[in-house]
Amino acid sequence: MAKVALVTGGTRGIGEAISISLRDAGYKVVANYGGNDDAAAAFKEKTGIDIIKFDVADHQSCAEAVAKITEEHGAVEVLVNNAGITRDSFFHKMKPEQWREVIATDLDSLFNCTRPVIEGMRERGFGRIVNISSINGQKGQAGQVNYSAAKAGVIGFTKALAQEGANKGITVNCIAPGYIATDMVTAIAPEVLQKIVSQIPVGRLGEAEEIGRVVVFLVEDQGFINGATISVNGTQYLHG
Ligand code: CAA
Ligand code: NAP
């Protein structure tokens, strides 16, 4: 039987590519989304992948969704915590809701979606969790104090949980993409985006498929890659 993989934010952008890559690798994928019904319906029509709508920032909704997926398809053995948002603003202008929405969607979501699957993974002695952080969680980004804090938190979450599950057959890894050509990035003002691209040594934005391939690589690994953060950023930021 194909292993069940839940991809949060799996209907658009990077998540869409992750869902398709996992499906092509033989997984039974369920793709979550938050509100864009039209995009989700188009994704389902195009790929045939099952979709499920719930808010990753809401703990109860996540627990109910995992229970529903388990009942309909079987236990979730692969979880990709991908859903995320930006609410960019310089910090001196940032409103409390811009802080809270980003922390809730980009960081609380990891607790909300992982907590309902982790006990089953421990009992079965197998699990693969991949979290999507960001280059801006590694280096910090002006205009994104909220997002940089959340995405740095994703890396800490990954390292700590990896240690807890290592002797239970569970790996928890993290990907830190650079700037990838999705709606999130094309929303940046053109003159600012031009400046950003000029700072990427390979001279282009990344493609969502370049992240999908790394997710499959981590999910298929035998278990010795654990607690790692893999940078996929066109050489924009290199670190020790
Ligand atoms: N890289 C380089 N320069 C940047 C920059 C960036 N990421 N962000 C802002 N700047 C520069 C601007 O070009 C501008 O320079 P000049 O004064 O020389 O014109 C200066 O900082 C001030 O910017 P704005 O005039 O745009 O200021 P604002 O108050 O109108 O807007 C802002 C502030 C909302 C933060 C806006 O600058 C912005 O959207 N910046 C982009 C921030 C960013 O990188 N977001 C990433 C979104 S994609 C993502 O998050 C995915 C991921 O993980 C990589
Ligand atoms: P995107 O194109 O904006 O897609 C975001 C996806 O997340 C959509 O499917 C969206 O659902 C879903 N989502 C948002 N909020 C949600 C919520 N509260 N509950 C459930 N689903 C929710 O974004 P992307 O560029 O693909 O980014 C995907 C992830 O990669 C994010 O975590 C982002 O921070 C990270 N990342 C992106 C880049 C980049 O350059 N693009 C770089 C580094 C890291 P709807 O369609 O319903 O809105």
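The values are calculated or read from the model by the stated rules, or taken from the named source; none is laboratory data. Note that the structure is a prediction, hence the values are computed from the model and not measured. Cβ: placed from backbone, ideal geometry, glycine included. Neighbour counts: every protein chain shown.
Restricting attention to region 117-127, and to residues there that are surrounded by fewer than 21 Cβ atoms within 10 Å (Cβ to Cβ) and part of a helix (DSSP H, G or I), which single residue is nearest to the chain's Cα centre (by Cα)? Break it down stepwise before answering.
Here is the first cut: in region 117-127, the residues surrounded by fewer than 21 Cβ atoms within 10 Å (Cβ to Cβ) are 118-120, 122-126.
Cutting the leftovers down to part of a helix (DSSP H, G or I) gives us 118-120, 122-124.
On the way: I118: 17, E119: 20, G120: 21, R122: 21, E123: 24, R124: 24 Å.
Among them, the one singled out is I118.
Restricting to region 15-36, give me the number of residues that are within 6 Å of ligand 2 (Cβ to nearest atom) and surrounded by fewer than 23 Cβ atoms within 10 Å (Cβ to Cβ).
Step one: of region 15-36, the residues within 6 Å of ligand 2 (Cβ to nearest atom) are 15, 32-36.
Restricting the remaining residues to those that are surrounded by fewer than 23 Cβ atoms within 10 Å (Cβ to Cβ) gives 34-36.
So the count comes out to 3.
Any residue that is assigned to a strand (DSSP E or B), at pLDDT 95 or above and more than 16 Å from ligand 1 (Cβ to nearest atom) - is there at least one of those in region 69-76? Scanning region 69-76, I find at least one residue that is assigned to a strand (DSSP E or B), at pLDDT 95 or above and more than 16 Å from ligand 1 (Cβ to nearest atom), so the answer is yes. How many residues are at pLDDT 95 or above, closer than 25 Å to T11 by Cα, near ligand 1 (Cβ under 10 Å from one of its atoms) and in a helix (DSSP H, G or I) if we restrict to region 184-209? Residues in region 184-209 being at pLDDT 95 or above, closer than 25 Å to T11 by Cα, near ligand 1 (Cβ under 10 Å from one of its atoms) and in a helix (DSSP H, G or I): 3 in total.
For C113, the conditions (1) assigned to a helix (DSSP H, G or I); (2) within 16 Å of ligand 1 (Cβ to nearest atom) all hold with the exception of (2).
Report yes if some residue within region 141-158 is over 19 Å from N233 (Cα atoms), within 18 Å of the chain's Cα centre (by Cα), within 13 Å of ligand 1 (Cβ to nearest atom) and surrounded by 21 or more Cβ atoms within 10 Å (Cβ to Cβ); otherwise report no. Taking every residue of region 141-158 in turn, at least one turns out to be over 19 Å from N233 (Cα atoms), within 18 Å of the chain's Cα centre (by Cα), within 13 Å of ligand 1 (Cβ to nearest atom) and surrounded by 21 or more Cβ atoms within 10 Å (Cβ to Cβ).
Among the residues of region 33-49, the one identified as under 20 Å from V4 (Cβ atoms), out of contact with any Lys or Arg (no Cβ under 7 Å at 6 or more places or on another chain) and outside any helix (DSSP H, G or I) is G48. For region 216-238, a tally of residues being in contact (Cβ under 8 Å) with a residue 24 or more places away in the chain and either more than 11 Å from ligand 2 (Cβ to nearest atom) or exposed (fewer than 11 other Cβ atoms within 10 Å of the Cβ) (or both) returns 14. Annotation note: Cβ proximity below 9 Å between a residue of region 79-96 that is within 30 Å of A5 (Cβ to Cβ) and modelled with pLDDT of 95 or more and a residue that is of a type in the set (D, E, K, R) and more than 12 Å from ligand 2 (Cβ to nearest atom) (sequence gap 6+ or interchain) occurs for L79/R128; V80/R128; R87/K95; R87/E97.
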